[in-house]
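All remarks here apply to the structure that follows.
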Amino acid sequence: MDKKSSLQVIHKHGPCSQPHEEKANIPTHAQILLLDEVRVKSIHSKLAKNLGSVNVMKKDAAANLPAKDGSVVGSGNYIVTMGLGTPKKNLRLIFDTGSDITWTQCQPCLRSCYKQQDPIFSPSSSSTYSNVSCSSAACTSLNSATGNSPGCSSSTCVYGIQYGDSSFSIGFFAKEKLTLTSNVVFDNFLFGCGQNNQGLFGGAAGLLGLGRNKLSFPSQTAIKFKKIFSYCLPSSPSSTGFLKFGNDGLSKSVKFTTLSTISGGESFYGITIIAMSVGGKKLSISASILAAGGAIIDSGTVITRLPPTAYSALRSAFRKQMNQYPMAKPLSILDTCYDFSKYSTVSIPKISLFFEKGVEVPIDARGILYINSISQVCLAFAGNTNDFDVLIYGNTQQKTLEVVYDGTRRMIGFRTGGCT
């Protein structure tokens, strides 16, 4: 793999992320799922607000970071390290395809900063930092990137962003030198310098916004990377994946399907799932049910949410093929759980998603089951409240896949065995 623009990705609560994280700070599986439900509800309400309850789908060079497993904010579970300022300070950021603006906590933390692992960024110690003025076009464009009108403090632009779990960041909108890898550097990168930050960011310094708005990282670096990035999420908290920018060294075995735009959710990456199969047999769900509320792929949602009609078809086919195993009690939003404590090996049916352009994406076994303990292993899908809520393809089902986003060509690609 071309290391030029590649970052390592780790899980937010993996051993690589926080060598001294106290056991007490690591959320339980039930807490993770509860927070996931909060994120999903916030995505649904954001889209419902924007859709005005009309559900219409509109058709409309490389850098590579390591990916690690991230806090369960309304903003993802995976972390990369980037450099900011001159001299460069390394910061661990959660990356999120469902957010646009990039921000980090900044000294002097005028209101409040949560505890992070890296030293908090100090703008006064950097020779390349500058504030963005209230009258600039960049300041005005914050409205579409954050959903909030920018403020103004003695002619400096003030941003504010809040996430589904009531985490938030407010501070000065600024420009700074951003270092991806030693030879990939961007001057005048627009970011939020957070002076009032609260939330469950798991010790990360802030957030890297990978959405589709013009202030997002892919848009700001489009001249170099052409809005192309790909990642492979680690399959367990102790393994690593990658986040790569640009198309250098992109595998020929990536299968591409169309990226669509969700009305009212232009920052999200829209997808079209047309069918699903369990154990090699397609479920009898019409494509119109899968398309009713639109669909997005999201790096920050943990569990894939399906229209309830589709979920109940998936669940009954799965339960039928798993009837030799004793069931266990449900785990939060997961209602199909098994007790494998008496088995040394288990056999589970394969599950595949089918996209436009004839693309089949087989879900890895680690993406089919969510393991709380050996005596409570659950089917890792859940149903939405109604068929018109947006379908969300979550990160558990993306494990071990390389997922390639091509914002310029409006394509999204998948490659199995993508982390190797």
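The values are calculated or read from the model by the stated rules, or taken from the named source; none is laboratory data. The model shown is predicted, which means the values in this text are computed figures rather than measured ones. Positions of Cβ are generated from backbone atoms using ideal geometry, with glycine treated the same way; all protein chains shown enter the neighbour counts. Surface accessibility is based on the protein's heavy atoms, side chains included, excluding ligands, DNA and RNA. Shrake-Rupley method; radii C 1.70, N 1.55, O 1.52, S 1.80 Å.
Remarks
- Scan of the range 290-324 for residues that are surrounded by fewer than 19 Cβ atoms within 10 Å (Cβ to Cβ) and over 18 Å from residue 366 (Cα atoms), ordered by number: 291, 308, 309, 312, 313, 316, 320, 323, 324
- Filter result (at pLDDT below 95 and acidic (Asp, Glu)) within the range 362-388: 364
- Of the numbered criteria (1) in the same structural domain as residue 81 (by the TED database); (2) over 20 Å from the mean Cα position of the chain (by Cα); (3) surrounded by 18 or more Cβ atoms within 10 Å (Cβ to Cβ), the one residue 224 fails is (3).
- Residue in the range 361-372 that is in the same structural domain as residue 284 (by the TED database), crowded, with 19+ Cβ neighbours inside 10 Å, small (Gly, Ala, Ser) and within 25 Å of residue 241 (Cα to Cα) present: yes
- Every condition in (1) under 19 Å from residue 98 (Cβ atoms); (2) not in a strand (DSSP E or B) holds for residue 392 except the one numbered (2).
- Comparison of 345, 309, 336, 301 shows that the only residue that is hydroxyl-bearing (Ser, Thr, Tyr), assigned by the TED database to the domain that holds residue 387 and closer than 22 Å to residue 401 by Cα is 301.
- Taking the range 175-211 as the range and being buried (at least 22 other Cβ atoms within 10 Å of the Cβ), in a strand (DSSP E or B) and in contact with a helix residue (DSSP H, G or I) (Cβ under 7 Å, 6 or more places away or on another chain) as the test, the residues that pass are 190, 193, 208, 209.
- Qualifying residue in the range 35-48 (condition: at pLDDT below 60 and either open to solvent by less than 10 Å² (accessible area, probe 1.4 Å) or more than 21 Å from the chain's Cα centre (by Cα) (or both)): no
- Members of the range 126-159 found to be within 30 Å of residue 31 (Cβ to Cβ) and surrounded by 19 or more Cβ atoms within 10 Å (Cβ to Cβ), listed by number: 145, 146, 159
- Filtered by the rule that a residue be polar (S, T, N, Q), assigned to a loop (DSSP other than H, G, I, E, B) and touching a Phe, Trp or Tyr at 6+ places or on another chain (Cβ under 8 Å), the range 99-140 gives 99, 102, 107, 116.
- Residue count, the range 92-121 (criterion: among the charged types (D, E, K, R), farther than 30 Å from residue 269 by Cβ and touching a strand residue (DSSP E or B) at 6+ places or on another chain (Cβ under 9 Å)): 1
- 1 or more residues out of contact with any Gly (no Cβ under 7 Å at 6 or more places or on another chain) and among the aromatic types (Phe, Trp, Tyr): qualifying strands (runs of 3 or more DSSP E) within the range 309-375: 351-355, 369-373
- Exactly one residue among 259, 290 is hydrophobic (A, V, I, L, M, F, W, C), touching a Lys or Arg at 6+ places or on another chain (Cβ under 6 Å) and under 23 Å from residue 352 (Cβ atoms), and that residue is 259.
- Set side by side, the residues 188, 213 differ, and just one is closer than 30 Å to residue 33 by Cα and of a type in the set (S, T, N, Q), which is 213.
- One residue stands out in the range 1-34 among those that are among the β-branched types (Val, Ile, Thr) and surrounded by 18 or more Cβ atoms within 10 Å (Cβ to Cβ): the one that is modelled with the highest pLDDT, namely 9.
- Residue match in the range 236-257 (condition: basic (Lys, Arg), assigned to a strand (DSSP E or B), closer than 30 Å to residue 366 by Cα and open to solvent by less than 10 Å² (accessible area, probe 1.4 Å)): yes
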